[in-house]
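Report on the following structure.
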Amino acid sequence: MSAVEEQPVTDRNRNFPTEGLENAEFDPTNPTENPTMGELISRRFSRRGFLKGSLATTAIAATVSPLALLKADEALAQEGSAFSFEEAIAGVDADHHVAPGYYADILMRWGDPVTNDAPEFDPTAQTAAAQAGQFGYNNDYVGYVPLDGSSEHGLLLVNHEYTNAHLMFPGIVEIADEEVNQKPLTEEQVNIEIMAHGGSVIEIEKVDGKWQRVAGSPYNRRITGETEMDITGPVAGHDRLKTSQDDTGRRVLGTLNNCAGGTTPWGTYLMAEENFHGYFAGDLPEGHKEAANYERLGAPGGWYEWHNFHDRFDVSKEPNEMNRFGWVVEVDPMDASSTPKKRTALGRFKHEGAESIVAPDGRVVFYSGDDERFDYVYKFVTSGTYNADDRAANMDLLDDGTLYVARFDEDGSMEWLPVVFGEGPLTEENGFESQADVLIETRRAADLLGATPMDRPEDIQPNETNGRVYVMLTNNTNREEPNAANPRVDNAFGHIVEIHEADGDFAATSGTWEILLQCGDPSIAEVGATFSSATTENGWFGMPDNAAVDSDGRLWVSTDGNSPAGTGRTDGLWAVDTEGAARGTSKLFYRVPVGAEMCGPLPTPDLTTFFVAVQHPGDGGDDWEGHGRPSYYEDLSTRWPDFRDDMPVRPAVVAITKQGGGKIGSA
C-alpha cells in the first residue's frame, strides 16, 4: 500500500505556504500605544450617559421582562425588515447554496478565456502565456460598469487577489514521514502565478435570463503581475521608488494582492493592493534606510518563491521595489489599451478596498481600511469636483486631494486627521522631508497622528440613502485591552461600526460613531453578539469582510473565516437591516462551499442580479464534515464548481437571479 493509503488523512501534518492566508494570524506591526478601538468601546459603553442607538436595548432590558422584550423585538423586527426572502440554511458541504426561489449560476471560473485570443483551460498543461489571457485565480472584488446605462449589459470588473499553488498545480505535493509538503515551484509555475494575479475586465450580457461573456469584445482584458503601469501623484519620480529597471520612479510592472476595490463615479476600476509584502523575500542591505519602513509593514513576508526567478522580488537585490506596491490602481475599463495608474495620493498601506461617494459639494470621497490587526481606517477627499457631464475632466481627480485617518473617541465622536506633510508631527524632525515620504510611510504617519488601532478594518461602504458609513472589522484575537470602538478582548468574530459623518457630509472632518453589530453566535452568552432577537440560527455570522449597499440603501455583508471547526458553517452573504425596529436583524442569502471565502458582493443597479465571488474553495484544514485534513490538487475537499474528476477546484464568480425575475431580496 502507498503512504497515502496507509496513513489516516486526519493525522497528516502539511505545509502549504498559501493555505489559509486570508485567516492567518499575522503578528501586528503597530508599535504605538494609541488607545485601541476595543478600549474606546469599553470606556464608552461603561458610561451610562452614552448608552444609545443600537445598544439602547441593554438599558431597557434592565427594567422590562426579558421574555416580553424578546417577543416584542421579534414582532417589530419581522414587520420592519427591508428584506423578504426565505433564508438559506447555514452549514458546510462541498457545494454552494442560495435562498429558495433563486438561481446561482457560474459566470466565470479560473482559467476561462477572458481575452479574445485566450485558449480553453487545460489544468494539466498550464502555461504563463495562456494564463495571461485567462480568468485569474482567487477572484475578490467585483464591479460592474453598465453599457448604455443597462443593468443587463455591461463590463464585469474582477480582482484576482492571490494564488494557492497546492490547489492549482498537479504533482507538486509530496507525502513522506507523516507530512504533506509542497515541492519547490518551477520557473514556469511561478510565472503562471504572476499571470494569475491582477484583474479581469469582461464584457457580459444577459441572454434569455442568463449572464454570459461576450466573445470578441474590444473591452475584454487581463491585467497581471507583469502589466506595465504608471506611478502618478505626489510620490511619482521619488528616489525611494527608483530601481535598476526603472531609474525614473514612474513605471512599474504589475499589481499584486488586489483584495476589495471600487468603481468610481466616472466609471473607472480601482484595484486595491493589500498584502503586497508577502511576495518579497531576502534581507535588506545592512543599515538600509528602508528597514524601519518595511518592519512597520511586516515585510518582507516571503510567502512566494518569485524571488528565485525574478530579482525584483528579492529586497537584497532591489531594496526599493517594494515601495512601488501598496497603492490604489486606477484602470479605465472603457479603453483596453490604456495604461493603469498607481494613484499615490491615496496612501500606501494594505488597502482592503476603495469605495467612493460624491459629497454634497461635488468632491469625491474614497474609504479604505488597512487590513491588519491594530491598523487604521482612512478616507481620501479629492481637491477637485466630479463633473457628471464630462468624463475626461474626472480622469486625474485621484492625483490631488487630502488623505485622512480616523480617530474614534470614547464619547461617540470621531475626527478625521489629515495625513499631510508639515501638519502636526509630520515634519522633518520626525523623518519626513515631503508629502511623498508621508505617503510612502502612511502607517508611521498615522501612528504619530494618534489614529485609533482597529480590529482588522476591511471593506468600508458609504450609504448615500441614509448618509452613513459601514466599517467591516473582521476580528482580532491579539487584543489584550478593549476600547470604545473595539469592545471585545478576544474578538474572534468581528463587528461592524457605523459612522455618521457631520451634517451628512461625507467630506466632513468630524462625525459620530456607534456599533451596528457585534458578530458571533448569539446563543453563547460569553461571545457577546448583538444581533436582533429576530435573527434565526441561520442568520447570525462571524468575521464580516466585504459589504455592499444596494440602490435601495440596504446593507449586504459577506464573511471571511467561518469554518466547520469554528462556527460550524461556511462563509456566505447575509442581508442586514440597519433601520428601525429591524435594525441588527440578519438573514442568510447565499453560502459558499467548504474552504471558500465569500467576496465581492455586487448587485446590479436594478437589483435583479447579485454577483458574488467565491474565493479559494477547497482550501484550509477542514473537509465538509469538519474533519481536519489537507486539501490539495489530487485530494480535494471539493471539486466545485465543475465536480469533474479531471478538473481541480476553481474560484469563480456567480450570478444570482430570482426565479421568474424581480428584485433580489424582496417578495
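Assuming residue 255 fulfils every condition listed in (1) polar (S, T, N, Q); (2) closer than 18 Å to residue 441 by Cβ; (3) part of a loop (DSSP other than H, G, I, E, B) apart from one, which condition is it?
(2)
Which pairs do you get when a residue that is without any contact (Cβ under 8 Å) to a residue 40 or more places away in the chain and among the hydrophobic types (A, V, I, L, M, F, W, C), found in the stretch 564-576, comes within reach of a residue that is in a loop (DSSP other than H, G, I, E, B) and surrounded by fewer than 24 Cβ atoms within 10 Å (Cβ to Cβ), reach meaning Cβ atoms under 7 angstrom, with the pair 6+ apart or on two chains?
574/539
Please list, ordered by residue number, the strands (runs of 3 or more DSSP E) wholly in the stretch 104-208 having 1 or more residues that are open to solvent by less than 20 Å² (accessible area, probe 1.4 Å) and touching a His at 6+ places or on another chain (Cβ under 8 Å).
Working: elements: 139-146, 153-160, 173-176, 179-182, 198-207.
Counting at least 1 such residues, we get 139-146, 153-160, 198-207.
Here are 441, 415: which of them is over 21 Å from residue 28 (Cα atoms), touching a residue at least 40 places away in the same chain (Cβ under 8 Å), touching a Phe, Trp or Tyr at 6+ places or on another chain (Cβ under 9 Å) and not hydroxyl-bearing (Ser, Thr, Tyr)?
Working: 441 fails: over 21 Å from residue 28 (Cα atoms).
Selected residue: 415, the only one of 441, 415 that is over 21 Å from residue 28 (Cα atoms), touching a residue at least 40 places away in the same chain (Cβ under 8 Å), touching a Phe, Trp or Tyr at 6+ places or on another chain (Cβ under 9 Å) and not hydroxyl-bearing (Ser, Thr, Tyr).
Working only within the stretch 471-480, note down all residues that are buried (at least 24 other Cβ atoms within 10 Å of the Cβ) and over 16 Å from residue 274 (Cα atoms).
Let us first name the residues in the stretch 471-480 that are buried (at least 24 other Cβ atoms within 10 Å of the Cβ), namely 471-476.
The answer is 471, 475, 476.
Just to check your reading of the model, which residue among 451, 502, 436 is out of contact with any strand residue (DSSP E or B) (no Cβ under 9 Å at 6 or more places or on another chain), modelled with pLDDT of 95 or more and over 25 Å from residue 597 (Cα atoms)? Before the answer, list the steps.
Details: 451 fails: out of contact with any strand residue (DSSP E or B) (no Cβ under 9 Å at 6 or more places or on another chain); 502 fails: out of contact with any strand residue (DSSP E or B) (no Cβ under 9 Å at 6 or more places or on another chain).
None of the others qualify; the one that does is 436.
Mind listing just one residue for me: the one in the stretch 495-529 that is β-branched (Val, Ile, Thr) and open to solvent by 20 Å² or more (accessible area, probe 1.4 Å) and, of those, farthest from the chain's Cα centre (by Cα)?
Of the residues in the stretch 495-529, the ones β-branched (Val, Ile, Thr) are 496-497, 499, 509, 512, 515, 524, 527.
Retained after the next criterion (residues that are open to solvent by 20 Å² or more (accessible area, probe 1.4 Å)): 509, 512, 524, 527.
Details: 509: 25, 512: 24, 524: 28, 527: 24 Å.
Among those residues, the one meeting the criterion is 524.
Check the stretch 470-481 and report whether any residue there is free of Cβ contacts under 8 Å to residues at least 40 places away in the same chain, β-branched (Val, Ile, Thr) and closer than 29 Å to residue 629 by Cβ. Walk me through how you get there before you give the answer.
Residues of the stretch 470-481 free of Cβ contacts under 8 Å to residues at least 40 places away in the same chain: 480.
Those still in the list that are β-branched (Val, Ile, Thr) too: none.
For the stretch 470-481, residues free of Cβ contacts under 8 Å to residues at least 40 places away in the same chain, β-branched (Val, Ile, Thr) and closer than 29 Å to residue 629 by Cβ: absent.
Condition test on residue 538, is it assigned to a loop (DSSP other than H, G, I, E, B) and over 20 Å from residue 140 (Cα atoms)?
Working: assigned to a loop (DSSP other than H, G, I, E, B): yes; over 20 Å from residue 140 (Cα atoms): yes.
Here the answer is yes, as residue 538 does meet what is asked.
Can you tell me which residue among 547, 508 is within 30 Å of residue 401 (Cβ to Cβ), in contact with a strand residue (DSSP E or B) (Cβ under 9 Å, 6 or more places away or on another chain), among the hydrophobic types (A, V, I, L, M, F, W, C) and part of a loop (DSSP other than H, G, I, E, B)? Give the steps one after another, and end with the answer.
Values: 547 fails: part of a loop (DSSP other than H, G, I, E, B).
Going through 547, 508 in turn, the sole match is 508.
For residue 311, only one of the following conditions fails: (1) within 22 Å of residue 400 (Cβ to Cβ); (2) out of contact with any helix residue (DSSP H, G or I) (no Cβ under 6 Å at 6 or more places or on another chain); (3) among the charged types (D, E, K, R). What is its number?
(1)
Which members of the stretch 530-561 meet the condition of being small (Gly, Ala, Ser), over 20 Å from residue 372 (Cα atoms) and surrounded by fewer than 24 Cβ atoms within 10 Å (Cβ to Cβ)? Full working, then the answer.
Step one: filter the stretch 530-561 for residues small (Gly, Ala, Ser), giving 532-534, 539, 542, 547-548, 551, 553, 558, 561.
Imposing the further condition that a residue be over 20 Å from residue 372 (Cα atoms) reduces the set to 532-534, 539, 548, 551, 553.
Within the stretch 530-561, 533, 534, 539, 548, 551, 553 qualify.
Being buried (at least 22 other Cβ atoms within 10 Å of the Cβ) and of a type outside the set (Phe, Trp, Tyr): is that true of residue 213 here? Spell out the reasoning first.
Values: buried (at least 22 other Cβ atoms within 10 Å of the Cβ): no; of a type outside the set (Phe, Trp, Tyr): yes.
In short, no.
Working carefully through the options 233, 249, 254, find the one that is within 25 Å of the chain's Cα centre (by Cα), open to solvent by less than 10 Å² (accessible area, probe 1.4 Å) and among the small types (Gly, Ala, Ser). First the steps, then the outcome.
Details: 233 fails: open to solvent by less than 10 Å² (accessible area, probe 1.4 Å); 249 fails: within 25 Å of the chain's Cα centre (by Cα).
Answer to the selection: 254.
Among (1) of a type in the set (Gly, Ala, Ser); (2) modelled with pLDDT under 95; (3) open to solvent by less than 20 Å² (accessible area, probe 1.4 Å), where does residue 281 come up short?
All conditions are met except number (2).
Can you name every residue in the stretch 457-470 that is open to solvent by 10 Å² or more (accessible area, probe 1.4 Å) and either in contact with a Gly (Cβ under 7 Å, 6 or more places away or on another chain) or within 14 Å of residue 373 (Cβ to Cβ) (or both)? Full working, then the answer.
Taking the stretch 457-470 first, the residues open to solvent by 10 Å² or more (accessible area, probe 1.4 Å) are 461-462, 464-468.
Hits for the stretch 457-470 are 465, 466, 467.
Is there any pair linking a residue in the stretch 229-241 that is without any contact (Cβ under 8 Å) to a residue 60 or more places away in the chain and closer than 15 Å to residue 312 by Cβ to one that is β-branched (Val, Ile, Thr) and surrounded by 21 or more Cβ atoms within 10 Å (Cβ to Cβ), with Cβ under 9 Å and at least six apart or on different chains, and which?
none
Consider residue 488 carefully, then state whether it is at pLDDT below 95, open to solvent by 20 Å² or more (accessible area, probe 1.4 Å) and in contact with a Lys or Arg (Cβ under 9 Å, 6 or more places away or on another chain).
Judged against the criteria, residue 488 is a match.
Name the strands (runs of 3 or more DSSP E) wholly within the stretch 360-439 that hold at least 1 residues that are farther than 21 Å from residue 33 by Cα and open to solvent by 10 Å² or more (accessible area, probe 1.4 Å)? Step through it out loud before you land on a result.
Working: elements: 363-369, 373-375, 377-385, 401-408, 413-418.
It comes to 363-369, 377-385, 401-408.
The values are calculated or read from the model by the stated rules, or taken from the named source; none is laboratory data. Small disclaimer: the values here were computed from a predicted structure and weren't measured. Cβ coordinates were reconstructed from backbone atoms using ideal geometry, including for glycine residues, and neighbour counts include every protein chain displayed. In case anyone asks, the SASA skips ligands and DNA or RNA and just uses the protein heavy atoms, side chains included. Shrake-Rupley method; radii C 1.70, N 1.55, O 1.52, S 1.80 Å.
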